[in-house]
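Engineer: Here it is, the structure, as structure tokens.
The values are calculated or read from the model by the stated rules, or taken from the named source; none is laboratory data. Fair warning: this is a prediction, and the values are worked out from it, not measured in the lab. For neighbour counting, all protein chains shown are included, and Cβ atoms are generated from backbone atoms with ideal geometry for every residue, glycine included.
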Amino acid sequence: MPVDPYQPPDSELGTSSGKGLYSVRGILIATILGSLAAGIFLIYLNYMSLGHNKLAKLTIRWGVVCFMLISALAYQMPSYGALFIVLQTGLAGIAADRLQGAAINYHREHGGVMHSSLRAAGIGVLAGIAALFALVFIVTVMIALFGASE
């Protein structure tokens with residue numbers, strides 16, 4: 001069988017050693033279901049899969065700061081709950097696209113493994129449940145330490 005002269009040569013380069021990445025859409029879905037914490041976590045996992053450990057740590061640090069600021073604002077203005085969901089989702093989408101959009105597209109175009117949006121949604125739901133339990137724990141500790149104000 002003749003060899004096709006226009007076929008590109010085989011390459012040893014992999015996209016990320018077979019590790020899957022989450023798409024920007026998956027990050028958005030996780031953020032809607034589980035807050036900015038879920039989106040930050042998926043961006044972190046993408047950086048780890050790509051082998052960018054320093055960027056992954058920076059993402060967690062700055063993501064926690066942003067999450068705490070947004071949470072504090074949401075606590076001060078509870079009647080604007082839907083606005084904060086949109087704000088968190090927009091922030092996660094912009095961050096995912098600007099920080100990893102090109103790497104995700106390159107990974108996908110070169111046959112890299114992509115995690116499903118359903119998996120991202122599951123992580124979002126688990127992050128939301130974890131955030132709820134953390135909130136209940138913090139409120140319980142605060143009431144125990146400072147007493148219920150009447």
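Engineer: Out of (1) among the hydrophobic types (A, V, I, L, M, F, W, C); (2) surrounded by 11 or more Cβ atoms within 10 Å (Cβ to Cβ); (3) over 14 Å from ILE32 (Cβ atoms), what's the single condition that is false for ILE85?
Structural biologist: (3)
Engineer: Same structure again: Among the listed residues TYR80, TYR44, identify the single one that is part of a helix (DSSP H, G or I), farther than 17 Å from ALA127 by Cβ and touching a helix residue (DSSP H, G or I) at 6+ places or on another chain (Cβ under 9 Å).
Structural biologist: Working: TYR44 fails: farther than 17 Å from ALA127 by Cβ.
The unique qualifying residue is TYR80.
Engineer: Among the residues of segment 49-68, is there at least one that is free of Cβ contacts under 8 Å to residues at least 60 places away in the same chain, surrounded by 15 or more Cβ atoms within 10 Å (Cβ to Cβ) and in contact with a Gly (Cβ under 7 Å, 6 or more places away or on another chain)?
Structural biologist: yes
Engineer: Taking ALA120 and the conditions (1) surrounded by fewer than 18 Cβ atoms within 10 Å (Cβ to Cβ); (2) touching a Gly at 6+ places or on another chain (Cβ under 8 Å), which numbered condition does it fall short on, given that it satisfies the others?
Structural biologist: (1)
Engineer: Same structure again: Kindly evaluate ALA144 against the criterion of being in contact with a Gly (Cβ under 9 Å, 6 or more places away or on another chain) and not hydroxyl-bearing (Ser, Thr, Tyr).
Structural biologist: On the way: in contact with a Gly (Cβ under 9 Å, 6 or more places away or on another chain): no; not hydroxyl-bearing (Ser, Thr, Tyr): yes.
It is false that ALA144 is in contact with a Gly (Cβ under 9 Å, 6 or more places away or on another chain) and not hydroxyl-bearing (Ser, Thr, Tyr).
Engineer: Do you know which of the residues in segment 18-37 that are in a loop (DSSP other than H, G, I, E, B) and surrounded by 10 or more Cβ atoms within 10 Å (Cβ to Cβ) is modelled with the lowest pLDDT? Can you show your working first?
Structural biologist: Just the residues of segment 18-37 that are in a loop (DSSP other than H, G, I, E, B), to begin with: 18-20, 22-23, 35.
Then keep just the ones that are surrounded by 10 or more Cβ atoms within 10 Å (Cβ to Cβ); that gives 19-20, 22-23, 35.
Working: LYS19: 86, GLY20: 91, TYR22: 96, SER23: 95, SER35: 90.
By that ranking, first place goes to LYS19.
Engineer: Turning to a different aspect of this structure: Just the residues that are in contact with a Ser or Thr (Cβ under 8 Å, 6 or more places away or on another chain) and farther than 13 Å from ALA95 by Cβ, please, taken from segment 36-70.
Structural biologist: SER49, LEU50, GLY51
Engineer: Only one residue in VAL139, VAL113, VAL125 is closer than 17 Å to SER35 by Cβ and touching a residue at least 24 places away in the same chain (Cβ under 8 Å). Which one?
Structural biologist: Working: VAL139 fails: touching a residue at least 24 places away in the same chain (Cβ under 8 Å); VAL113 fails: closer than 17 Å to SER35 by Cβ.
Step by step, each of VAL139, VAL113, VAL125 is checked, and only VAL125 is closer than 17 Å to SER35 by Cβ and touching a residue at least 24 places away in the same chain (Cβ under 8 Å).
Here is a yes/no grid of residues against (1) in contact with a Pro (Cβ under 9 Å, 6 or more places away or on another chain); (2) among the small types (Gly, Ala, Ser); (3) closer than 24 Å to LEU21 by Cβ; (4) modelled with pLDDT under 90:
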site	(1), (2), (3), (4)
ARG61	no, no, yes, no
ALA72	no, yes, no, yes
ALA103	no, yes, yes, no
VAL113	no, no, yes, no
VAL125	no, no, yes, no
PHE146	no, no, no, yes
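Engineer: What number goes with the only condition from (1) in contact with a Gly (Cβ under 9 Å, 6 or more places away or on another chain); (2) modelled with pLDDT under 90; (3) surrounded by fewer than 18 Cβ atoms within 10 Å (Cβ to Cβ) that PRO8 does not pass?
Structural biologist: Checking PRO8 against (1) in contact with a Gly (Cβ under 9 Å, 6 or more places away or on another chain); (2) modelled with pLDDT under 90; (3) surrounded by fewer than 18 Cβ atoms within 10 Å (Cβ to Cβ), the one that fails is (1).
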